[in-house]
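The values are calculated or read from the model by the stated rules, or taken from the named source; none is laboratory data. These numbers were taken from a predicted model, which means no experiment stands behind them. FYI the Cβ positions are ideal-geometry reconstructions off the backbone, even for glycines, and counts take in every protein chain you see. SASA here: full protein model, heavy atoms, side chains in, ligands and nucleic acids out. Shrake-Rupley method; radii C 1.70, N 1.55, O 1.52, S 1.80 Å.
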Amino acid sequence: MSPVWAFVAWLATLAFFAPVAWMVLTSFHQESDAATNPPSLLAPFTLDQYELLLGRDITPYLLNSAMASVISTLLVLALAIPAAYALSIKPVEKWTDVMFFFLSTKFLPVIAALLPIYLIAKDAGMLDNVWTLIVLYTAMNLPIAVWMMRSFLAEVPKEILEAAEVDGAGLPTVLLRIVGPVAMPGVAATALICFIFSWNEFLFAVNLTATNASTAPVFLVGFITNEGLFLARLCAAATLVSLPVLIAGWAAQDKLVRGLSLGAVK
């Protein structure tokens with residue numbers, strides 16, 4: 001049965017990859033060729049869409065997305081790792097209630113909290129400010145990070161920690177020199193997932209920003225106008241916006257695979 005399952009796996013992979021490949025191919029076509037029905041795969045390739053895209057100055061949007069995503073991810077890790085340590089390696093009392101509290105913060109739909117957050121940001125003078133997005137992205141990703149890091153840190157051998165305590169290592173030393181290297185694949189997986197969630201976030205970005213702090217997903221909406229949908233240009237923009245996430249995933253693929261499978265096999 002292994003060849004059958006291998007064939008099914010390849011079909012599933014192609015099914016997931018097909019929309020991405022279609023987006024990339026469409027980005028190299030003219031608008032007239034991209035809008036044909038049925039689509040024309042053999043249409044002439046061109047870089048005109050990318051030239052027009054760069055002419056619209058996408059750089060500020062990418063920088064805002066990078067700043068909000070990177071800083072919020074670092075803040076999430078700085079808060080999630082000690083919290084996960086207290087919930088796994090050195091469990092506090094009623095740690096299950098604490099974990100449920102973190103999970104319960106994800107029960108409320110984001111759209112239900114949008115109006116209160118908008119009013120608070122408006123009264124605080126923080127509309128159209130990238131730091132507002134950083135705070136929101138940190139709060140949005142922290143529960144997920146705590147749950148992930150707790151499962152990763154629970155797999156750290158207790159014998160290593162006990163030996164460090166016997167040698168007189170304090171909590172900062174244990175976290176940085178012992179727990180950190182052992183759980184690094186889990187940290188990488190958590191960081192990448194938080195980065196992806198922050199990079200792709202749209203609802204807060206489109207409602208709380210205007211010109212100064214707009215992110216890359218907001219930039220993509222500009223290609224849906226009253227004149228119609230500029231499909232080829234939208235695909236070109238989506239391809240450029242996807243590159244940072246793809247590069248980050250490729251660079252951390254070894255740690256990502258090990259991190260996501262950490263604890264799956266004893």
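Descriptive notes on the structure:
- Scan of the stretch 180-194 for residues that are hydrophobic (A, V, I, L, M, F, W, C) and over 19 Å from Leu246 (Cα atoms), ordered by number: Val182, Ala183, Met184
- Against the test of being open to solvent by 60 Å² or more (accessible area, probe 1.4 Å) and modelled with pLDDT of 85 or more, the options Tyr61, Tyr50 yield a single qualifying residue, Tyr61.
- Residue check, Leu77 open to solvent by 40 Å² or more (accessible area, probe 1.4 Å), at pLDDT 90 or above, of a type outside the set (Asp, Glu) and closer than 28 Å to Phe202 by Cα: no
- Among the residues of the stretch 122-151, the one identified as open to solvent by 40 Å² or more (accessible area, probe 1.4 Å) and touching a Gly at 6+ places or on another chain (Cβ under 7 Å) is Ser151.
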